[in-house]
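Report on the structure given below.
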Amino acid sequence: MEHLKRALTIAGSDSGGGAGIQADLKTFGALGVYGMSVLTALTAQNTLGVQAILEVPPEFVAAQIDSVLSDIGTDVVKTGMLANAAIIGVVAERLRHYGPLPLVVDPVMVAKGGDRLLREDACSALVDLLLPLATVVTPNLPEAEALTGLRLESPAAMREAAVRIHDLGPQWVLVKGGHLEGRDALDILYGGQEYYEFPARRLETQNTHGTGCTLASAIAAGLAQGYPVPEAVSRAKEYLTRVLAASAGLHLGHGHGPMHHFA
C-alpha cells in the first residue's frame with residue numbers, strides 16, 4: 001500500500017480563501033499530498049485587504065502542533081503568517097522537540113494590500129529562532145530587504161541578499177523577484193555554493209492573491225515527495241505558472257483576486 005505523503009502548514013487563516021491556510025491546503029491537495037494545519041491567526045480578509053486580525057494564543061498553537069505530530073506525523077512543515085514573537089518561539093521549540101523535519105519558511109510580513117502580518121518586534125525572533133531550522137526560506141523582495149537592509153533593484157542585489165540570508169542559518173534561500181520591473185519575473189535560489197535562476201514570463205492578471213503561500217506550499221509538497229530542493233523549486237514554479245495562467249479568467253472580488261489551484 002502506497003504511503004501518502006503528509007504536509008503540515010502552520011499559518012494564518014484567510015477568510016477570503018485566496019491565501020494563508022486555505023491556499024496551502026488547496027496546493028497540497030492539488031499536488032497529491034495530504035495536508036494538515038495549525039492556525040496561528042484568524043484574519044477577516046478579502047481581495048481588497050485585511051480588515052481585522054485575531055491572533056491565536058501561543059499555547060494553543062503548541063497544542064495543535066502536538067496534536068498533529070504526536071499522532072499523524074508529517075514529511076514536511078511549511079510556515080506562513082506567524083504574527084508575533086511568542087508564536088514564533090513556540091513553533092520553533094515544538095519543531096525542535098519533534099526532531100529535524102524538512103521546513104519551508106515563508107517569512108510572511110506584509111499582505112499584498114500592504115497590511116502588516118508580522119509584528120515589527122517579531123522579526124528578530126524569526127531570524128534567531130526559525131531561520132536556522134529552515135530547509136528553504138522564500139522571501140519576496142520587500143521581505144529580503146527587511147531581512148538584509150539591502151535595496152534590491154537588480155538580480156545582482158538579489159544574489160547578494162541570498163548570501164546574507166543564507167548566513168542567517170537556512171540551508172537554502174529562494175529570493176523571489178516578482179516585484180522587479182520587467183517582462184520576466186526572476187527568482188534566485190542559493191544553497192551556499194551555487195545559484196539557480198528561475199525566470200518566468202510575467203502574466204498579465206489581477207488574480208495574484210496568495211502567490212507566495214502557494215509557491216512555498218508547492219515547494220513543501222515537492223520536498224515531502226522526496227525531490228531535492230532545486231527540483232522541488234522548479235516543479236513548484238511550473239505549478240504556480242500554470243495556476244496563474246488558468247486564473248486570468250476568474251472574476252472573484254474587486255481587488256487582487258485568488259487563483260484557481262485545481263486548474
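Read-outs: derived from the displayed coordinates by stated rules, not from any lab. Bear in mind that the values here come from a model prediction, so they are computed numbers and not experimental data. All Cβ positions, glycine included, derive from the backbone under ideal geometry; neighbour counts span all protein chains shown.
Report, in cubic angstrom per residue, the convex hull volume of the C-alpha atoms of segment 143-263.
Working: hull volume 13.2 nm³, N = 121.
About 109 Å³ per residue, rounded to a whole number.
What list of ³J(HN,Hα) couplings, whole Hz, do you get for segment 229-241 from phi and the Karplus terms 6.51, -1.76, 1.60, once you set θ to phi - 60° and write x for glycine and proline?
These are the phi-based 3J(HN,Hα) values: 4, x, 6, 4, 5, 4, 5, 5, 4, 4, 4, 4, 4 Hz.
Quick one: which residues, 5 or more positions from VAL137 or on another chain, have an amide H under 5 Å from its amide H? H modelled 1.01 Å from N in the peptide plane, none for Pro or chain starts.
HN-HN under 5 Å from VAL137: VAL105, TRP172, VAL173, LEU174.
Let me know the charge dipole size of the chain about its Cα centre in debye, to the nearest 20, where only the beta-carbon of Lys, Arg (+1) and Asp, Glu (-1) is charged. Numbers along the way, then the final one.
Values: 19 positive and 27 negative charges, 98 e Å.
Charge dipole of the chain: 480 debye, to the nearest 20.
Tell me which residues come under 5 Å, amide H to amide H, from GLN45 once H is placed; ignore anything under 5 positions away on its chain.
SER15, GLY16, GLN51
Assuming 1.002 mPa s and 20 °C, estimate D for segment 189-243 with Stokes-Einstein, Rh taken as the Kirkwood radius over Cα pairs, in µm²/s. Write down the numbers at each step before the final one.
Numbers: Rh = 12.0 Å.
Translational D for this selection: 178 µm²/s.
So for segment 6-247, averaging the separation of alpha carbon pairs under 8 Å that are six or more residues apart and normalising by length, what relative contact order in percent results?
Result for segment 6-247 is 18 percent.
Which value results when the Cα radius of gyration for segment 6-247 is divided by 2.2 N^0.38 Å? The partial results should precede the final answer.
Values: Rg = 16.2 Å, N = 242, 2.2 N^0.38 = 17.7 Å.
That works out to 0.92 for segment 6-247.
Considering Cα pairs under 8 angstrom that are at least six residues apart, work out the relative contact order of segment 133-201 and quote it in whole percent.
30
Per DSSP H run of n ≥ 4, the term is -39500 (n - 2.57); total these for the chain, divide by its residue number, and report the mean residue ellipticity at 222 nm rounded to 500 deg cm²/dmol. Please report the intermediate quantities before stating the final value.
Values: 7 runs with 89 residues, N = 263.
Calculated from helices alone, the mean residue ellipticity at 222 nm is -10500 deg cm²/dmol.
Residues with amide H under 5 Å of ILE10's amide H, sequence separation 5 or more or different chain, H placed in the peptide plane at 1.01 Å from N; which?
It is VAL38, LYS78, THR79, GLY80, by chain and number.
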